[in-house]
Amino acid sequence: MPAPGNKPKNLLHTLHELMAYLGRHKLLFLAVAVLVTISAVANLVGTYMIRPVVDALAAGNYEAFVKNILLTAAIYCAGVLATFGYTQTMVHAGQKVLVDIRRDLFAHIQTLPLRYFDSRSRGDIMSYFTNDVDTVAEAMNNSFAMVIQSFIMIVGTLTMIFILNWQLSLIVVVGYAVMFAYISFSTRRSRRYFQKQQAVLGELDGYVEEMVTGQKVVKVFNHESANVAEFGDKNEQLRVAGTGAQAYAASMIPAVVSISYVNYAIVAAVGGWMAITGATDVGALASYLVFVRQTAMPINQFTQQSNFLLSALAGAERVFAAMHETPEVDEGRVRLEQTGRSSWVWRIPEGWGIGAWGSLVQVAKDGTNGDGVVSCTPAALEAGAKVSATARGVDGTLLAVGALPLRGDVRFHDVSFGYEPGHEVLHGINLFAEPGQTIAFVGSTGAGKTTITNLINRFYDVQEGEITFDGINVKNIEKDSLRRSLGIVLQDTHLFTGTIAENIRFGKLDATDEEVRAAAKIANADSFIRRLPQGYDTMVTSDGANLSQGQRQLLAIARAAVADPPVLILDEATSSIDTRTEMLISRGMKQLMEGRTTFMIAHRLSTVRDADAIMVLDHGRIIERGTHDELYALGGTYWELCQGLKELD
């Protein structure tokens with residue numbers, strides 16, 4: 001992002017990108033340009049008509065006087081119609097551009113990795129769609145047509161005054177030069193402040209959003225006074241930036257008007273002397289003086305829009321910078337296909353095979369995809385897959401080709417990972433989860449439990465080692481397919497505005513009402529849902545503020561259940577559920593986990609007793625592994641956790 005207080009890094013590039021959006025609706029903007037030109041020319045010609053009108057009146061030619069009056073009225077009527085036309089057309093064109101920008105921005109935001117959202121406040125991201133896009137909207141609605149009209153008026157007025165009297169026009173040009181010199185000076189100064197204003201406004205929005213969301217925590221710790229003080233500091237920064245921007249911009253109009261008054265007085269005095277001496281006629285002088293009086297008008301119009309233009313450029317640069325953020329990388333080619341209810345296969349692209357460490361290898365020219373399932377990976381052979389001797393890589397190695405059954409075999413091979421370079425969170429992790437097994441992770445906060453699950457679904461990519469899913473490196477699986485194969489219940493439950501049923505259906509958008517209710521029963525949420533006033537049609541608002549924390553967690557479990565995934569990740573899935581409710585849903589959870597590979601993170605050790613394997617983590621390393629009985633008998637870290645939490649009899 002552009003640093004606060006600096007000028008846009010590349011103003012021309014920002015303008016180029018904005019013009020590209022305008023180009024998508026070139027016919028509408030062409031119509032606006034034509035109508036604006038007609039309006040401006042009508043204004044110029046109408047002012048020039050003062051000369052023949054005055055000359056005809058001075059000569060006593062009343063017939064010519066009436067004709068000229070009628071012609072002038074017709075010219076101004078054409079200008080009025082053109083003005084009405086371009087204002088209405090501009091509204092439609094501007095809104096179309098804004099729709100495109102918002103759509104592209106939102107679509108691109110959806111492609112960004114979690115790392116992007118971790119490093120920015122939600123309020124600052126929201127500011128792109130509100131403050132920044134709104135400034136572009138203001139410029140589109142108020143400035144685009146005005147800038148074109150002002151430019152035509154300035155050029156046209158200069159042309160007409162030189163035609164009428166080039167000697168007096170030299171004086172006017174000097175006044176113009178002084179006006180533009182001051183405008184240039186003021187614009188350079190105010191642009192810097194407008195850029196800072198947009199950046200500070202984004203920070204302020206982010207702070208307000210965080211404080212409103214965490215209002216309960218604020219009140220618990222009596223942090224209101226400190227929040228008000230910090231808000232005051234940020235608000236003061238915005239005031240300083242806004243004052244600087246507006247002060248320079250607001251000085252433009254008074255300066256231009258003052259210069260135009262002085263210019264007009266000088267020209268009127270010199271022109272009157274020229275008319276007395278016969279150097280010019282009265283009609284030409286009358287028309288000329290009106291033009292001179294109007295010279296300040298287009299400049300004033302331009303300066304009035306400078307605030308919008310500068311603010312829009314600053315906002316547009318932030319928006320386009322966000323749209324140029326590197327999206328989430330997805331180099332995967334293996335996709336997931338559902339062949340039946342609860343039946344999936346990994347479809348390997350034609351001409352490729354799965355080699356060592358789950359890598360994609362091009363199949364030799366004499367290779368074949370074979371019939372049915374063809375594989376030579378150990379996991380697939382154990383499942384009874386067929387092997388084709390002709391499916392070989394370019395080096396002659398036997399490969400897995402065609403399709404592989406999704407079994408849920410997940411393995412970590414010497415995986416090391418850090419969120420920031422040089423700061424590893426996981427160190428040399430080796431583990432495997434065979435199909436249908438339940439693997440539990442326990443350990444102190446910050447040990448790396450959630451990080452492991454984040455790597456399985458590729459929220460982040462490992463720096464060292466490999467993670468394979470049914471013998472395929474997860475980097476070679478399409479992210480959509482990989483994540484569709486995983487059902488996740490996160491520790492922090494997020495509900496969307498909508499009905500209870502719609503929130504459960506978020507796990508499977510085409511789920512029927514029967515499937516939604518069945519999933520709710522598995523999660524033991526059906527009973528409390530039916531007791532709500534509108535049952536499954538009860539509206540959820542404010543991230544489920546009208547529900548208890550336990551109820552929100554139950555809905556998250558139901559959301560995972562309706563997706564019917566082959567692999568489950570439960571990140572503190574019962575953290576917000578009381579002991580009685582936990583006991584009630586345990587049978588449903590076992591039903592959901594049956595036949596599925598499950599990764600479970602829990603602080604309540606009672607929830608992991610029945611796991612096939614328990615991994616005890618400490619500072620990013622697996623220090624103990626085994627079943628509950630095996631680890632408890634060791635008397636090590638797991639035993640200490642059990643004793644400390646008093647979870648066991």
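The values are calculated or read from the model by the stated rules, or taken from the named source; none is laboratory data. Remember, predicted model here, so these are calculated numbers, not experimental data. Note that each Cβ is placed from the backbone with ideal geometry, even for glycine, and that neighbours are counted across all protein chains shown. To get the accessible areas, we keep the full protein, side chains included, count just its heavy atoms, and leave off ligands, DNA and RNA. Shrake-Rupley method; radii C 1.70, N 1.55, O 1.52, S 1.80 Å.
A straight chain from Asp330 to Ala64 at 0.36 nm per residue would run longer than the Cα-Cα distance by 88.1 nm. With R₀ set to 30 Å, the beta-carbon distance separating Glu420 from His494 gives a calculated FRET efficiency near 0.75.
Label point of Asp513 set 7 angstrom out along Cα-Cβ; within region 472-506, amide nitrogens under 17 Å from it belong to 499-506. Within the chain, antiparallel bridges make up roughly 65 percent of the DSSP beta bridges whose residues both belong there.
Label separation (Gln215 vs Ala177): 6.1 nm, computed from points 7 Å beyond Cα along the C-beta direction.
At a 1.4 Å probe, what is the % contribution of carbon and sulfur to the accessible area of the chain? Looking at the chain in its full context, I get 59 percent from C and S.
Under 5 Å between amide hydrogens, which residues at least 5 positions from Glu624 or on another chain qualify, with H placed 1.01 Å from N in the peptide plane? The list, which skips near neighbours in sequence, is Val616. The calculated Kirkwood hydrodynamic radius for the chain is 30.9 Å, given to one decimal from all distinct C-alpha pairs.
Using the beta-carbon distance between Ala321 and Trp357 and R0 = 56 Å, what value does 1/(1 + (r/R0)^6) give for FRET efficiency, to the nearest 0.05?
Working: r = 38 Å, r/R0 = 0.67.
That pair, Ala321 with Trp357, gives E of 0.90.
Restricting the calculation to Cα atoms, every distinct pair contributes to the Kirkwood radius of region 202-261, found to be 14.1 Å. Loop-resident chymotrypsin sites (Phe, Trp or Tyr not before Pro) (DSSP state other than H, G, I, E or B) in region 183-258 with no more than 14 further Cβ atoms inside 10 Å of their Cβ: Phe221. Working from label points 7 Å from Cα in the Cα-to-Cβ sense, the Asp543 to Gln95 distance is 3.3 nm. Rolling a 1.4 angstrom probe over the protein heavy atoms with all chains in place gives the chain an accessible area of 48 Å² per residue. What the Cβ-Cβ distance of Leu27 and Val80 gives, at R0 = 22 Å and to the nearest 0.05, is a FRET efficiency of 0.40. Computed log10 I(q)/I(0) for region 76-157 at 0.26, 0.27 Å⁻¹: -1.23, -1.27, from the Debye equation with unit scatterers placed on every C-alpha and solvent omitted. Between Trp166 and Ser184, the contour length at 0.36 nm per residue exceeds the Cα-Cα span by 3.9 nm.
If you fit an axis through the alpha-carbon atoms of helix 11-23 and take the longest principal axis of the Cα set of the chain, what angle between them do you get, 0 to 90°, nearest 10? That works out to roughly 90 degrees.
How large is the dipole of region 151-219 about the Cα centre if only Lys and Arg carry +1 and Asp and Glu carry -1, each at its Cβ, rounded to the nearest 20 debye?
Dipole size: approximately 180 debye.
Pull out the extension gain between Glu630 and Glu464, defined as 0.36 nm times the separation in residues minus the alpha carbon to alpha carbon distance; nm, one decimal.
That pair, Glu630 and Glu464, stretches by 56.7 nm at full extension.
Against the longest alpha carbon principal axis of the chain, how many degrees, from 0 to 90 and to the nearest 10, is the axis of helix 133-142 turned? Roughly 20 degrees, rounded to the nearest 10. Could you state the angle between the C-alpha long axis of helix 579-593 and the longest principal axis of the C-alpha atoms of the chain, as a value from 0 to 90 degrees rounded to the nearest 10? Roughly 90 degrees between the two axes.
The distance from the alpha carbon centre of region 152-211 to that of region 55-81 is 35 Å, rounded to a whole number. Adding -39500 (n - 2.57) for every DSSP H run of four residues or longer, then dividing by how many residues the chain holds, sets the calculated 222 nm ellipticity at -19000 deg cm²/dmol.
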